[in-house]
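Data first, discussion second: the structure below is written as structure tokens.
The values are calculated or read from the model by the stated rules, or taken from the named source; none is laboratory data. No experiment lies behind these values; they were computed from the predicted model shown. Please note: Cβ atoms are built from the backbone with ideal geometry, for glycine as well, and neighbour counts cover all protein chains shown. Just so you know, the surface numbers come from the protein's heavy atoms only, side chains and all, with ligands and any DNA or RNA stripped out. Shrake-Rupley method; radii C 1.70, N 1.55, O 1.52, S 1.80 Å.
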Amino acid sequence: MKRAEQVTFGGSGLDRAGLLRGDADKLAQAYGDPSAKCALLWRGKLLVQGEALDRLALLPMGHRIFEQGPGGVIEAPVFLGKTDEDAPLFAMDISDWAAEGLDLSGVGDFVDRTEQQHPDLPEGYVFAEMRRIMTRLSPRDAELAATAKAVIGWHETHRFCARCGARSEMSQGGWQRSCPACGGQHFPRTDPVVIMLITHGNSVLMGRSPGWPEGMYSLLAGFVEPGETLEAAVRREVMEEAGVPVGDVHYLASQPWPFPASLMFGCAGEALSRDIQIDPVEIEDAMWVTRTEMMQAFAGDHPKLLPARKGAIAHFLLQHWLADTLD
Ligand SMILES: [Zn+2]
């Protein structure tokens, strides 16, 4: 798909400067570089700035917020790479921060609309939930944000060695955890998920999970299993969830999805039948939606179907299906 990388989190050609990760001296130099900047996370939320919260806030490494040392889920900053001007970029977490009187209601909700202002940061710098602001960020900011959130989230949930259970330590600028007890090396996880635009003639297959807001439907999706190709995962998931046999499958576009650590593989598949038989454990409903109905839904005019959520690859694929620009 020619436009594949235009998806939200589609990448910006960030120089990850991976060769520096293993070089402690150069990494220390980068850390002390006066031009070095740092993205900040708090409980999975990003520090953003601007009236529209459309810019990732990048703080100088010398900012006083870092003076007290690590105050969160990682013991040192993660090295993200370099700006186009060659300035080192890091990410840090201050999840331990819990200011007195801080209202935590709504924090961690699926759609967390709250914003938190840290007293050491200027007016207009707030922590915001990424799903809310992801479509407003530039491709570079989005790539930095997705990377920082995914890697820091991995450290938070992988503090102990999966081989021997000892506490592991950050290494390679945050791109590895090493076990001092058994020598085990562990790398940040990325879980492959297929999400599929299954069509039959002029219709697309949409489904909904139990508990979703009324009227919300999306493309079917599921984790790829060990030993499985993307194509086989698409056919298996659609059969399991909707009972629909799928013939030809091809890859369209991918999207890093750091909620918490997925890589979405957008695929197209041709249904061999229109008969639907759902598995009620996996999904609550599935249906065929015509192009006309989908256009109505995108315009917010469909009586039953809500428009797909902007920023997610499902929206991107459906939009290009409607515009006939999936090639
Ligand atoms: Zn170990």
Single unsatisfied condition, Arg177 versus (1) farther than 30 Å from Ser35 by Cβ; (2) touching a residue at least 12 places away in the same chain (Cβ under 8 Å); (3) within 16 Å of the ligand (Cβ to nearest atom); (4) of a type outside the set (Asp, Glu): (1)
What's the total number of residues in region 31-55 that are open to solvent by 10 Å² or more (accessible area, probe 1.4 Å) and not small (Gly, Ala, Ser)? 10
Flag for Leu80 being within 18 Å of Asp33 (Cβ to Cβ) and either aliphatic (A, V, I, L, M) or modelled with pLDDT under 90 (or both): yes
Based on what the data block shows, is Thr147 among the polar types (S, T, N, Q), open to solvent by 30 Å² or more (accessible area, probe 1.4 Å) and more than 26 Å from Pro213 (Cα to Cα)? no
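Evaluate the following for Ala28: is it free of Cβ contacts under 8 Å to residues at least 40 places away in the same chain and either in a loop (DSSP other than H, G, I, E, B) or open to solvent by 20 Å² or more (accessible area, probe 1.4 Å) (or both)?
Yes, satisfied.
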Can you tell me which of (1) free of Cβ contacts under 8 Å to residues at least 40 places away in the same chain; (2) not in a loop (DSSP other than H, G, I, E, B) is the one Ala91 doesn't meet? (1)
Which members of region 151-170 meet the condition of being hydroxyl-bearing (Ser, Thr, Tyr) and either more than 13 Å from the ligand (Cβ to nearest atom) or within 21 Å of the chain's Cα centre (by Cα) (or both)? Thr157
Failed criterion for Ala308 (all others in (1) assigned to a loop (DSSP other than H, G, I, E, B); (2) touching a residue at least 60 places away in the same chain (Cβ under 8 Å); (3) more than 15 Å from Met196 (Cβ to Cβ) hold): (3)
